[in-house]
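Peer 1: For reference, the structure I am asking about is given below.
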Amino acid sequence: MLRSTCCTPLCPFTAKQPSFLRKQQRITSDRFTFRGGGGGDAAAVVSSSGLRDLVFVVNPQGANGRTAKEWKKLLPHLRSRLGKDCNVSELLTSGPSHAIDITREAIRDGADAVIAVGGDGTLHEVVNGFFWEGKPVGYLSGEASRSTALGLIPLGTGSDFARTFGWNNDPCEAVERIARGMRSRIDVGVIDKEGKDLHYFINVADVHLSAKAGFYASKYKKFGNLCYVIGALQAFMGHHNQDMRIRVNGGEWEIYPQVTALCVGNAKYFGGGMKITPNAIPGNGNLEVVVLQNFKWYDFVLKLHKLYNGTHLSVNNVTSRSVQSIEVEEITDSGSIYVQSDGEHLGFLPRKFQVLPGAIDIIS
Ligand SMILES: Nc1ncnc2c1ncn2[C@@H]1O[C@H](COP(=O)(O)OP(=O)(O)OP(=O)(O)O)[C@@H](O)[C@H]1O
């Protein structure tokens, strides 16, 4: 849920930095001035202003339209807090996937940072904009060493990625992070289907029941975090655990009987605050895979609190392992096992999930 916040330049920054954000560097710009406006495409021109060029990609429909309202309230504070050191461009998305194109263009034009304003879906699209045809997008006319950082103002329904960093939905704290301009390198996950259809995730990708629940939850975002409960109830109807075949780090294929859900975490939380992959660390070069097997509906009732506080790894039929890659197939080729990445429906099994260590700088 969005909180009402005090948006003054004196807004205190209180969030503690997690220990995995060790190698931080402050980056300053000396070359570009960005010009943009709400709704338009990014356009960058070379300048010697010494200002950092920040592109804010805003999903006005995030959190059922509350993102737009919060953003409008935040903008005067943001401009006054950052305007001295930064050129601020505000670009509103016009629909699904638009954030991907805006981000690619901003990176090619030399932005210092592209900042997702919205929920995990918007962040997910911005992250996908950092890549093109399997490679990182680069600044078109400049040094290879120059890299655009990813930023986040979490203003979505679940905003699960931010929870791993201890960031809440207070946009003033996010503005302070951006003002400080500290960067940390973090990993990104990549998903492919038989080597094609590359798709990137930064938070959690998952398979089967949870992915189906997420698919339904996305239709009930107007109910806030309750959408996850409604989605789960709907997904339970007609749900069957499925035998699956998995292969970790290119090794031998293994059979996992009666899988309820398989979750691949680069970060820890999904589904509106469930600490599903509690050992995942976004900068450690690995993904945490948690598999729930043979769960019945009443197991969720009895163990839900454990899933929320991340103590479920000690429960029977829950396993966790750290991987660089994992391939997942169903045994009975039904083509109906859901796959989700960062809360966005991606399609159906089979899929391969891999880590790209240190693929992106994040403003932390
Ligand atoms: N202008 C737009 N109109 C409609 N949908 C949009 C628009 N811009 C982006 N979207 C889509 O809105 C979806 C949800 O956005 P977002 O993740 O920001 O909010 P949320 O779903 O409320 O939050 P969370 O994902 O954290 O629960 C994204 O998948 C994105 O594709």
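Peer 1: Do you know which residues across region 239-293 are closer than 16 Å to Gly214 by Cβ and aromatic (Phe, Trp, Tyr)?
Peer 2: Tyr269, Phe270, listed by residue number.
Peer 1: Continuing with this model, one more query. Among the listed residues Thr260, Thr277, which satisfies the condition of being among the β-branched types (Val, Ile, Thr), away from the ligand (no atom under 16 Å from the Cβ) and in a loop (DSSP other than H, G, I, E, B)?
Peer 2: Thr277
Peer 1: Does any residue of region 174-182 turn out to be at pLDDT 95 or above, more than 25 Å from Asn286 (Cβ to Cβ) and within 17 Å of the chain's Cα centre (by Cα)?
Peer 2: Looking through region 174-182, at least one residue is at pLDDT 95 or above, more than 25 Å from Asn286 (Cβ to Cβ) and within 17 Å of the chain's Cα centre (by Cα).
Peer 1: Would you pick out the residues in region 93-104 that are touching a residue at least 40 places away in the same chain (Cβ under 8 Å) and crowded, with 20+ Cβ neighbours inside 10 Å?
Peer 2: Ala99, Ile102, Thr103
Peer 1: Give region 105-134 a look and list any residue that's of a type in the set (Asp, Glu) and either touching a Phe, Trp or Tyr at 6+ places or on another chain (Cβ under 9 Å) or in a strand (DSSP E or B) (or both), or say none. Before you say what the answer is, go through the steps one by one.
Peer 2: Taking region 105-134 as the starting set, the residues that turn out to be of a type in the set (Asp, Glu) are 105, 109, 112, 120, 125, 133.
Hits for region 105-134 are Asp109, Asp112, Asp120.
Peer 1: A further question follows. Do you know which of the residues in region 90-104 that are hydrophobic (A, V, I, L, M, F, W, C) and either part of a strand (DSSP E or B) or under 22 Å from Met182 (Cβ atoms) (or both) is nearest to the ligand (Cβ to nearest atom)?
Peer 2: That would be Leu92.
Peer 1: Next up: What pairs come up if the first residue lies in region 257-269 and is closer than 12 Å to Asn279 by Cβ and not assigned by TED's automatic domain parsing to the domain that holds Glu329, the second is β-branched (Val, Ile, Thr) and surrounded by fewer than 24 Cβ atoms within 10 Å (Cβ to Cβ), and their beta carbons are under 7 Å apart, counting only those six or more places apart or on different chains?
Peer 2: That search, which allows pairs on different chains as well, returns nothing.
Peer 1: Answer with yes or no whether Val126 is away from the ligand (no atom under 14 Å from the Cβ) and either in contact with a helix residue (DSSP H, G or I) (Cβ under 7 Å, 6 or more places away or on another chain) or among the hydrophobic types (A, V, I, L, M, F, W, C) (or both). I'd like the intermediate steps shown before the answer.
Peer 2: Details: away from the ligand (no atom under 14 Å from the Cβ): no; either in contact with a helix residue (DSSP H, G or I) (Cβ under 7 Å, 6 or more places away or on another chain) or among the hydrophobic types (A, V, I, L, M, F, W, C) (or both): yes.
No.
Peer 1: If we only count strands (runs of 3 or more DSSP E) wholly inside region 299-364, which ones have 1 or more residues that are closer than 16 Å to Lys268 by Cβ and assigned by TED's automatic domain parsing to the domain that holds Ile281? Don't jump to the end; show me each part of the working.
Peer 2: On the way: elements: 318-323, 325-330, 338-341, 344-348, 351-363.
Here the list reads 318-323, 338-341, 351-363.
Peer 1: To continue, here is another question. In region 107-123, what residues are more than 8 Å from the ligand (Cβ to nearest atom), under 22 Å from His199 (Cα atoms) and either out of contact with any helix residue (DSSP H, G or I) (no Cβ under 8 Å at 6 or more places or on another chain) or acidic (Asp, Glu) (or both)?
Peer 2: Scanning region 107-123 gives a single hit, Arg108.
Peer 1: If you take the residues in region 50-69 that are among the aliphatic types (A, V, I, L, M) and within 10 Å of Ser89 (Cβ to Cβ), which one is farthest from the ligand (Cβ to nearest atom)?
Peer 2: Leu54
The values are calculated or read from the model by the stated rules, or taken from the named source; none is laboratory data. It should be emphasised that the depicted structure is a prediction, and the values quoted were computed from it without experimental measurement. Using ideal geometry, Cβ is built from the backbone for each residue, glycine included, and neighbour counts are taken over all protein chains shown.
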